[in-house]
């Protein structure tokens, strides 16, 4: 059961993007809380936002775009979430003012490299299958005239 749900998430473009977005946002919030509340040292901040945050973001965005190609809504959602956190959360502004720029650079490089290394034929086939399924064209045609009568006594 659990493996089927993981395969469904892995194969679906939107669910995979949603899961990556949630993991990124939780990681970002936990890293900010670590630097702001638990270990408020300048060395920890430089280490976290100089090496750990860019590396993890690049890997997450690269893996998503390598598997599913570049999606227009994922970079828009990450950018909007970063801007909203920057405007609304005072701690976010105090930690590092260039977190907006850092996130955008990691997003552009990760998605760009992932799009370059993605299997374009597999992505195109997946999107075509999804479009056909949405239109209902994936079902084979069955004629209703040639069907055999239903019932035990009919011959």
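Values quoted throughout were computed directly from the atomic coordinates according to the rules given, and no laboratory measurement underlies them. What you are looking at is a predicted structure, and each value in this text was computed from that prediction instead of being measured. We place every Cβ from the backbone using ideal geometry, glycine too, and count neighbours over all the protein chains shown.
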Peptides 52-58, 84-90: what's the order by average Cβ count within 10 Å, highest mean first?
52-58, 84-90
By how many nm would the segment from residue 37 to residue 131 grow when fully extended, if each residue of separation counts as 0.36 nm and the alpha-carbon distance is taken off?
29.1 nm
Pulled fully out, how much extra length does the chain show between residue 47 and residue 109, if you take 0.36 nm times their separation in residues and subtract their Cα-Cα distance?
20.3 nm
Across the Cα atoms of the stretch 7-135, what radius of gyration and what greatest pairwise Cα-Cα distance (Dmax) are found, in Å?
16.3, 56
Efficiency of FRET between residue 11 and residue 83 - r from beta-carbon atoms, R0 35 angstrom, step 0.05
0.70
Here the FRET efficiency for residue 30 versus residue 117, based on Cβ atoms and R0 = 22 Å and rounded to 0.05, is 0.15
